[in-house]
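Q: My questions will all concern the structure given below.
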């Protein structure tokens, strides 16, 4: 694998076959960034899930007759994606470490897993890309924070960014900011869903049907987000532009201020960021214990 190789020529292997791995695979195939025959997917035990993914996308998976194994797919890949749950990463690396080659690029979507811990689990310095996508990536409208270990080359950076651009916008950041990305956009869709829940409930309380309220609220949120994106204006300026003194919006925003909406949201984002940091510490502690046992 060298700087003359295009993404379409690379063998990709996803370890873990959850929704984020599927989102990446779907984006790569739909945007013709990669071909199904160059993509493989493995997981720990759910053969039915892998069968469904093979039928849906044409990707390669381990075969029951042993002609193709998880080990062979991982070992032969140019890029290996770590898509397992955070609680499983330390045990998973015991099986992965002997299969991985120093020249492979490792891409992690595991929340909280730091580059330092990843290098410790690998037992060597290796090119590692750490990412934090969000669930909107499953419909191609995601947001991904991304950072790189020191040994990642410029070409590898470009390849990694190209991969995640197949399902999201990509925001390169320093690693110490990835936990903030987790709080802002990683967990962000849930905040918006919560807001939509509340607005729909208010509409129903005011006499609208659930369908009427949901239709109005979803379009309102969609339109507001598009206004920020299209105009490039500061959200605060847009808010002030639709807030007439002593008008309906003014009255509503006063109530939100009384309930500490802005500081409450800031606190929520920072708590999510702190939890990501805590999870990273838990993974690092588990990794250190495992290394001591070996």
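The values are calculated or read from the model by the stated rules, or taken from the named source; none is laboratory data. Only a predicted model underlies this, so the values are computations on that prediction, with no experimental measurement involved. Every residue, glycine as well, gets a Cβ built from its backbone with ideal geometry; the counts of neighbours run over all protein chains shown.
Q: Any idea which residue in region 159-196 is surrounded by the most Cβ atoms within 10 Å (Cβ to Cβ), counting only those that are more than 11 Å from residue 143 (Cα to Cα) and out of contact with any helix residue (DSSP H, G or I) (no Cβ under 9 Å at 6 or more places or on another chain)?
A: Among residues in region 159-196 that are more than 11 Å from residue 143 (Cα to Cα) and out of contact with any helix residue (DSSP H, G or I) (no Cβ under 9 Å at 6 or more places or on another chain), the one surrounded by the most Cβ atoms within 10 Å (Cβ to Cβ) is 160.
Q: With 23, 17 as the choices, which residue is part of a loop (DSSP other than H, G, I, E, B), within 22 Å of residue 139 (Cα to Cα), modelled with pLDDT under 95 and in contact with a strand residue (DSSP E or B) (Cβ under 8 Å, 6 or more places away or on another chain)?
A: Being part of a loop (DSSP other than H, G, I, E, B), within 22 Å of residue 139 (Cα to Cα), modelled with pLDDT under 95 and in contact with a strand residue (DSSP E or B) (Cβ under 8 Å, 6 or more places away or on another chain) holds for just one of 23, 17, which is 17.
Q: Looking at region 202-219, I want the residues that are assigned by TED's automatic domain parsing to the domain that holds residue 192 and have a partner that is in a loop (DSSP other than H, G, I, E, B) and surrounded by 11 or more Cβ atoms within 10 Å (Cβ to Cβ) with Cβ atoms under 6 Å, at least 6 apart or on another chain. Which pairs are those?
A: Note: no pairs meet the criteria.
Q: Checking the condition within 13 Å of the chain's Cα centre (by Cα), at pLDDT below 95, crowded, with 17+ Cβ neighbours inside 10 Å and not in a loop (DSSP other than H, G, I, E, B), which residue from 138, 131 passes?
A: Going through 138, 131 in turn, the sole match is 138.
Q: State yes or no: is residue 73 closer than 13 Å to residue 163 by Cα and touching a residue at least 24 places away in the same chain (Cβ under 8 Å)?
A: Considered against the rule, which asks whether it is closer than 13 Å to residue 163 by Cα and touching a residue at least 24 places away in the same chain (Cβ under 8 Å), residue 73 comes out as no.
Q: Now for a separate question. Please verify whether residue 151 is in the same structural domain as residue 75 (by TED's automatic domain parsing), more than 17 Å from the chain's Cα centre (by Cα) and either part of a loop (DSSP other than H, G, I, E, B) or modelled with pLDDT of 95 or more (or both), treating the condition exactly as stated.
A: When the stated conditions are applied, residue 151 passes them.
Q: Further, regarding this structure: Being within 21 Å of residue 8 (Cβ to Cβ), more than 21 Å from the chain's Cα centre (by Cα) and not in a loop (DSSP other than H, G, I, E, B) is the filter here; which residues of region 76-117 pass it?
A: 76
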